[in-house]
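Taking it in order: structure first as structure tokens, then the write-up.
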Amino acid sequence: MLLEGRKAIVTGGNTGIGKATSERLGAEGASVCINYYSAKEASDAEALAEQIRSDGAPRAIAVQGDVGSEDDVKRMVTRAHDQLGGVDLLVNNAGIEKQAPLLEMELDLWSAVIQTNLTGAFLCIREAGKIMAAAGGGTIVNMSSVHEFIPWPGFAHYCASKGAIKLLMETAARELAPKRIRLVNVAPGAIVTPINQFVLDDPEQKHAVESEIPLGRMGQPDEIAAAVAWAASAQADYVTGTTIVVDGGMSLYPKFV
Ligand code: BGC
């Protein structure tokens, strides 16, 4: 097992790539704090924690909280620390996206995306990072995107948040290396998750997306979770300040001739 005895928080850990990651970390021997956003997701998140425990993880808890809220993040990190017995792995996975043309984009929508995707990652890095620094080290994996570097019309807010998380990660990697905290981004391409339901439901859009992927298919959440588990493990002890792209070749721009 790659992560025996580790204590992890996965934000947005109850759905999509986050869910696959929570399951994978548990299966690799970590205790897991599954963060979820809204009260209406509580029973599903609790059921996931139960499943992860019965699959063999030492501990698994579900904790509600909005990563964009400083108070919620402090409360969630404190609970994870108290109930798991520490925090030495943070997966900043929580993220939202909603298409909007730039010239009509409402400030509220812009702010919501930046608050969750970027400020949320910052708050979690800061709070979990304090615990890791005091304990002598840890690992932080940010769920980024190929839109860390590929511009995407209709998603200026999302791309801005993902571009920013690249330099946040790189700067934090330099600043926190002396405290033995590693930071890595994992950048998925198009993955079969609820965030992409609008594409999956429309055969034409699905085909268009697949034609942008040299491997010819969208990825599965557990293919991302596998990269997260490796990046967080001792096998990756010399890896920090970089992005691991897991995209079936999407970022090779196959349509560019
Ligand atoms: C987005 C997906 C999109 C993928 C590739 C991801 O960051 O969340 O909606 O399919 O990038 O464009």
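A single entry from A173, A177, A187 fulfils the requirement of being within 10 Å of the ligand (Cβ to nearest atom), among the small types (G, A, S) and farther than 23 Å from P101 by Cα: A187.
How many residues are out of contact with any Pro (no Cβ under 7 Å at 6 or more places or on another chain) and within 13 Å of the ligand (Cβ to nearest atom) if we restrict to the stretch 211-228?
The qualifying residues number 5.
Among the residues of the stretch 43-61, those that are small (G, A, S) and under 13 Å from K7 (Cα atoms) comprise A57, A60.
Inspection of the stretch 199-209 identifies at least one residue that is without any contact (Cβ under 8 Å) to a residue 24 or more places away in the chain, under 19 Å from G18 (Cβ atoms), out of contact with any strand residue (DSSP E or B) (no Cβ under 7 Å at 6 or more places or on another chain) and within 11 Å of the ligand (Cβ to nearest atom). Within the stretch 130-157, the set of residues being part of a helix (DSSP H, G or I), in contact with a helix residue (DSSP H, G or I) (Cβ under 6 Å, 6 or more places away or on another chain) and open to solvent by 10 Å² or more (accessible area, probe 1.4 Å) comprises I131, A133, H147, E148, A156. Could you please let me know if L183 is part of a strand (DSSP E or B) and either out of contact with any Leu (no Cβ under 7 Å at 6 or more places or on another chain) or open to solvent by less than 40 Å² (accessible area, probe 1.4 Å) (or both)? Considered against the rule, which asks whether it is part of a strand (DSSP E or B) and either out of contact with any Leu (no Cβ under 7 Å at 6 or more places or on another chain) or open to solvent by less than 40 Å² (accessible area, probe 1.4 Å) (or both), L183 comes out as yes.
Of the residues making up the stretch 229-257, those that are more than 15 Å from the ligand (Cβ to nearest atom) and not in a loop (DSSP other than H, G, I, E, B) number 8. Screening R59 with (1) touching a Ser or Thr at 6+ places or on another chain (Cβ under 9 Å); (2) within 23 Å of I191 (Cβ to Cβ) gives one miss only, at (2).
Results for (1) open to solvent by 30 Å² or more (accessible area, probe 1.4 Å); (2) at negative phi, shown as yes or no for each residue.
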site	(1), (2)
G12	no, no
G16	no, no
L25	no, yes
Y37	yes, yes
D55	yes, yes
I96	yes, yes
M105	yes, yes
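The values are calculated or read from the model by the stated rules, or taken from the named source; none is laboratory data. None of these values were measured; they are calculated from a predicted model. Glycine gets a Cβ as well: all are built from the backbone with ideal geometry, and neighbour counts include every protein chain shown. In case anyone asks, the SASA skips ligands and DNA or RNA and just uses the protein heavy atoms, side chains included. Shrake-Rupley method; radii C 1.70, N 1.55, O 1.52, S 1.80 Å.
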